[in-house]
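Student: Sharing a structure, written as structure tokens. Questions coming.
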Amino acid sequence: MTAMPPHPHSPQTPPPHPSQPPAHATLARSFDAVAAQYAAARPGYPPALFDAIEELAGRPLAGARVLDVGAGTGIATALLAARGAHVTAVEPGAAMAAQAHAALPGTPLVRALGDALPFSDDAGFDLVGYAQAWHWTDPARSVPEAMRVLRPGGALALWWNIPDPDVAWAAEQEARLARRLPGYHAHGVAPEAPDLIRALGLGLHPALRVLHWTRKVPLDTHLAMLGSRSYFASIGPAAAAPVLEDERTALLDVFPDGVVEEAYALDLTVTLRPATPS
């Protein structure tokens, strides 16, 4: 089982200044610092996502053996279980895993990374899923690992909620944050997963589906959601606070009643393990 990485801000290492983009490794390790905030403020996923996973995977989630990798606080884990899946959560971060265990005490949870899954070659999972997490892996390792623990014909599903670029206020917010926070978009945009998977040369054929959905939340919840993103978590609350306060002012011009209609584009990539060796 893979050991948890060290906390990004040791006493000898001050948090990065907002004028300097945090390194990818620092971003990836930042969520433990905001685990409770992440659990409380992050959006879930609409039923249409799980309908699309079932369609592209070619089987229902009910009764499926599912590995939820990078499970975080268990948001997707709970929704997969609600569809009848038998879910095992995989999460490297101690605080994030603690949140997931508290919310889902009966769900098996393993502390590990997607680049080195602690399961045998004949594990035979029907689905390996990554919700908001695959971009923290090395695709050259995580894709073969997923294929290794899937049954023949099983599916690797990767999905991300991202601010919907077709919705004006959401696009304007992302542009403001990118101007103010160097490197911000490096974490805020889902990678081109199908291209990355095809480039591995494994003979895989990923399918892409894009869904659009919204949720209405109080302004404070929206700001807490922003603050739970890896970039804000990595720069620390002192550096994040003035940026989030300026967002409060800007958003009250758009949503004067203090209720934000968050708009998401949900990118889903599903890749089947070949039923027979190529």
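Student: Looking only at residues that are of a type outside the set (Val, Ile, Thr) and assigned to a loop (DSSP other than H, G, I, E, B) in the range 139-170, which one is nearest to the chain's Cα centre (by Cα)? Write out each step before concluding.
Tutor: Quick first cut of the range 139-170, residues of a type outside the set (Val, Ile, Thr) only: 139-142, 144-148, 150-161, 163-166, 168-170.
Of the ones still in play, those that are also assigned to a loop (DSSP other than H, G, I, E, B) are 164-166.
Working: 164: 16, 165: 18, 166: 21 Å.
So the residue we want is 164.
Student: Name every residue in the range 124-142 that is acidic (Asp, Glu) and more than 21 Å from residue 84 (Cα to Cα), in order of residue number. Break it down into steps so the answer makes sense when it comes.
Tutor: So the first thing to find is which residues in the range 124-142 are acidic (Asp, Glu), and the list is 126, 138.
Within the range 124-142, 138 is the sole residue that qualifies.
Student: Return yes when residue 214 is part of a strand (DSSP E or B), polar (S, T, N, Q), closer than 20 Å to residue 133 by Cα and touching a residue at least 40 places away in the same chain (Cβ under 8 Å) and no when it is not.
Tutor: Working: part of a strand (DSSP E or B): yes; polar (S, T, N, Q): yes; closer than 20 Å to residue 133 by Cα: no; touching a residue at least 40 places away in the same chain (Cβ under 8 Å): yes.
It is false that residue 214 is part of a strand (DSSP E or B), polar (S, T, N, Q), closer than 20 Å to residue 133 by Cα and touching a residue at least 40 places away in the same chain (Cβ under 8 Å).
Student: Can you say whether residue 253 is open to solvent by 70 Å² or more (accessible area, probe 1.4 Å), part of a loop (DSSP other than H, G, I, E, B) and of a type outside the set (Val, Ile, Thr), as far as the supplied structure shows?
Tutor: Details: open to solvent by 70 Å² or more (accessible area, probe 1.4 Å): yes; part of a loop (DSSP other than H, G, I, E, B): no; of a type outside the set (Val, Ile, Thr): yes.
The answer is no for residue 253.
Student: Among the residues that make up the range 124-143, is at least one of them of a type outside the set (Phe, Trp, Tyr) and in contact with a Pro (Cβ under 8 Å, 6 or more places away or on another chain)? Walk me through it before giving the result.
Tutor: From the range 124-143, those of a type outside the set (Phe, Trp, Tyr) are 124, 126-129, 131-133, 135, 137-143; that's our starting set.
So of that shortlist, the ones also in contact with a Pro (Cβ under 8 Å, 6 or more places away or on another chain) come out as 135.
Looking for residues that are of a type outside the set (Phe, Trp, Tyr) and in contact with a Pro (Cβ under 8 Å, 6 or more places away or on another chain), one finds at least one in the range 124-143, hence yes.
Student: Would you mind telling me which numbered condition in (1) open to solvent by 40 Å² or more (accessible area, probe 1.4 Å); (2) under 27 Å from residue 183 (Cβ atoms); (3) modelled with pLDDT of 95 or more residue 69 fails?
Tutor: Here residue 69 clears every test but (1).
Student: Something else about it: Out of all the residues in the range 122-160, which are among the hydroxyl-bearing types (Ser, Thr, Tyr), at pLDDT 95 or above and within 17 Å of residue 200 (Cα to Cα)?
Tutor: Taking the range 122-160 and keeping what is among the hydroxyl-bearing types (Ser, Thr, Tyr), we get 130, 137, 142.
Still in the list and also at pLDDT 95 or above: 130, 142.
Across the range 122-160, the qualifying residue is only 142.
Student: From the list 206, 218, which residue is surrounded by 17 or more Cβ atoms within 10 Å (Cβ to Cβ) and modelled with pLDDT of 95 or more? Lay out the reasoning, then the answer.
Tutor: Working: 218 fails: surrounded by 17 or more Cβ atoms within 10 Å (Cβ to Cβ).
Of the residues listed, the single one that is surrounded by 17 or more Cβ atoms within 10 Å (Cβ to Cβ) and modelled with pLDDT of 95 or more is 206.
Student: Mind checking which residues of the range 152-177 are without any contact (Cβ under 8 Å) to a residue 60 or more places away in the chain and buried (at least 17 other Cβ atoms within 10 Å of the Cβ)?
Tutor: The one that is without any contact (Cβ under 8 Å) to a residue 60 or more places away in the chain and buried (at least 17 other Cβ atoms within 10 Å of the Cβ): 174.
Student: Are any residues in the range 104-119 small (Gly, Ala, Ser) and assigned to a loop (DSSP other than H, G, I, E, B), and if so, which ones?
Tutor: Kept after step one, since they are small (Gly, Ala, Ser), are these residues of the range 104-119: 106, 112, 114, 116.
Those that are small (Gly, Ala, Ser) and assigned to a loop (DSSP other than H, G, I, E, B): 106, 112, 114.
Student: Just to be sure I understand the filter: pairs with C-beta atoms under 6 Å, separated by 6 or more residues or on different chains, first member in the range 127-144 and open to solvent by less than 10 Å² (accessible area, probe 1.4 Å), second member in a strand (DSSP E or B) and not hydrophobic (A, V, I, L, M, F, W, C). Which pairs pass?
Tutor: From residues that are open to solvent by less than 10 Å² (accessible area, probe 1.4 Å), the pairs are 129/68.
Student: State all residues of the range 46-96 that are in contact with a Phe, Trp or Tyr (Cβ under 7 Å, 6 or more places away or on another chain), β-branched (Val, Ile, Thr) and touching a residue at least 60 places away in the same chain (Cβ under 8 Å); if no residue qualifies, say none.
Tutor: Of everything in the range 46-96, those that are in contact with a Phe, Trp or Tyr (Cβ under 7 Å, 6 or more places away or on another chain), β-branched (Val, Ile, Thr) and touching a residue at least 60 places away in the same chain (Cβ under 8 Å) turn out to be 66, 69.
Student: So which residues in the range 82-93 are outside any loop (DSSP other than H, G, I, E, B) and surrounded by 14 or more Cβ atoms within 10 Å (Cβ to Cβ), if there are any at all? Don't jump to the end; show me each part of the working.
Tutor: So the first thing to find is which residues in the range 82-93 are outside any loop (DSSP other than H, G, I, E, B), and the list is 82, 86-90.
Within the range 82-93, 86, 87, 88, 89, 90 qualify.
Student: State which residue is surrounded by the fewest Cβ atoms within 10 Å (Cβ to Cβ) when the search covers only the range 105-119 and only residues that are in contact (Cβ under 8 Å) with a residue 24 or more places away in the chain and farther than 21 Å from residue 271 by Cβ. Talk me through it step by step, then tell me what you get.
Tutor: Step one: of the range 105-119, the residues in contact (Cβ under 8 Å) with a residue 24 or more places away in the chain are 107, 109-119.
Then keep just the ones that are farther than 21 Å from residue 271 by Cβ; that gives 107, 109-111, 118.
Working: 107: 19, 109: 20, 110: 18, 111: 16, 118: 13.
This residue is 118.
The values are calculated or read from the model by the stated rules, or taken from the named source; none is laboratory data. The structure displayed is predicted, hence computed values, not measured ones. A quick note on method: Cβ atoms are made from the backbone with ideal geometry, for glycine too, and the neighbour counts reach across all protein chains shown. Surface accessibility is based on the protein's heavy atoms, side chains included, excluding ligands, DNA and RNA. Shrake-Rupley method; radii C 1.70, N 1.55, O 1.52, S 1.80 Å.
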